[in-house]
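Some notes on the structure that comes next.
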């Protein structure tokens, strides 16, 4: 059975448009029609600039007929996370404070996409100020998972992942500081890439505040798609030195020398006492290991030189809180401020019933001085240096993105007191950050790629971690892995 137009990846669509078999306007109308029929039940797309998009699509088709090339994304319609500024549409970041913020200039990433020929026709939903592992906010409401509307699509790039899975767009762009690309990709069964820190500019992203020139610590902008090939294409379009460094620096990511899975040395880090896995995930990862071995990959199961998640998460908790609270109140998630509101004084009161593991570390980050921030960064760098020795033995490290599959919506007020049920046990909501923490703390590339379905038909991704700036290595592995895992699977037909 041929793949429906709305489920085809961007590389396939671009190839079809290049031959004249498919038009940009035709593809745009396909997405608009599908959004019109199905978005009410998913609520992934929250704003559109249809008139401008149609004009740009017609212009792209006319340019192609003349033989003019507009760039590697010539005439491709796409949506983007509602944290990126796009003239003609409000950039709300899910916050009433920014409900009417319509920027005059595009975010750096948006400009790069448009310069490459893309048509950014819509915005996708996010949690309030991109500050949750679920996607809901007081401006646009809740985004549902296309696999099961009772479940979350993840966050904060949840609308992005849901739109990709539902066939509303072939490309998206998210951002990630706490798994915000990797978790929703896992929950919705699509591809997402957290790049090496600093190789894609975040200027024009909320949070921080509009107009901020500082490139944030820990946080990254990154591509989302329905194939690893498309992730690589978007990385090529957007990867560059930050604007302040552009005159003196250039990005030159090393190409992956591997031609097949049999050329890869793989460490599968799937077990850690700090964050045990849902048995449904474990079953899929056991099958993945078998498939990789059968394909000729060298696979070792274990932890990276006996380093534990506990060590990474303790350092990460301090730093992520400090970064969030560096943004002014109007650009900082309320849920984060609630957890940290007592600052350093909280440490003297712990342990308190119901608070998550490492609450003291979160609190330390809320009250940190610049000198202590530098000490925390130094501690993280020493841990990074220890970890990077592992890449002398392995090309990529596979981990879960998070410890479970998509779970039921939970909008209870206090982020810090929420629980997630895993194999019948109630676990802290912040456990969802533990497998996400190492690549963020160390600034490493990490690709979230589909590898199968659980026995109850929910998507499962694996996190592919690479050495610094070896983004193309993790993407190459994800591309080759699709041949043995099946890659992207469309969810069941959507009903209203």
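How long are the semi-axes of the equivalent ellipsoid of segment 46-132, taking √(5λ) for every eigenvalue λ of the Cα gyration tensor, in whole Å from largest down?
They are 27, 12, 10 Å, listed largest first.
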Hey, what does the equivalent ellipsoid look like for segment 1-149, semi-axes from the Cα gyration tensor as sqrt of 5 times each eigenvalue, largest first, whole Å? 28, 19, 12
Directionally averaged shadow of segment 348-496, computed from the convex hull of its alpha-carbon atoms, nm²: 12.8 nm²
Show me the ranking of peptides 87-96, 285-294, 150-159 by mean Cβ neighbours inside 10 Å, starting with the highest. 150-159, 87-96, 285-294
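Calculate for the chain the 222 nm mean residue ellipticity that helices alone would give, adding -39,500 (n - 2.57) per DSSP H run of length 4 or more and normalising by residue count, nearest 500 deg cm²/dmol.
Working: 14 runs with 169 residues, N = 496.
Helix contribution divided over all residues of the chain: -10500 deg cm²/dmol.
Quick one: work out the % antiparallel among DSSP beta bridges in the chain, nearest 5. Before the final figure, lay out the partial values.
Details: 34 of 46 bridges.
Antiparallel bridges: around 75 percent, rounded to the nearest 5.
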Which translational diffusion coefficient, to the nearest whole µm²/s, is obtained for segment 109-210 from the Stokes-Einstein equation, given a Kirkwood hydrodynamic radius over C-alpha pairs, 25 °C and 0.890 mPa s? 178 µm²/s
Part-to-part distance (alpha-carbon centres) for segment 190-205 and segment 375-444, which is given in Å: 18 Å
Just to be sure I understand the model, the point goes 7 Å from the Cα along the line to the Cβ. What's the resulting residue 377 to residue 245 distance in nm? 1.3 nm
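What percent antiparallel are the DSSP beta bridges of segment 5-261, to the nearest 5? Walk me through the numbers on the way to the answer.
Details: 16 of 21 bridges.
Of the beta bridges lying entirely in segment 5-261, close to 75 percent run antiparallel.
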Could you work out the per residue convex hull volume over the alpha carbons of the chain, in cubic angstrom? 142 Å³
Using only the Cα atoms of segment 186-306, construct the convex hull and provide its projected area averaged over every direction, in square nanometres to one decimal. 10.5 nm²
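Please give the direction-averaged projected area of the C-alpha convex hull for segment 5-261, in square nanometres with one decimal.
Working: hull surface 55.4 nm².
Taking the Cα atoms of segment 5-261, their convex hull projects to 13.9 nm² on average.
Which order do the peptides 467-476, 46-55, 261-270 take when ranked by the mean count of other beta-carbon atoms within 10 Å per residue, highest first? Numbers along the way, then the final one.
On the way: 467-476: 23.6, 46-55: 16.9, 261-270: 19.3.
Going from most to least packed, we get 467-476, 261-270, 46-55.
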Ranked 435, 147, criterion: other C-beta atoms within 10 Å, fewest first: 147, 435
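Any read-out appearing in this document is the output of simple, stated calculations on the displayed coordinates, not a laboratory observation. All values derive from a computational prediction rather than experimental measurement. Cβ sites come from the backbone with ideal geometry, for glycine too, and all protein chains shown count toward neighbours.
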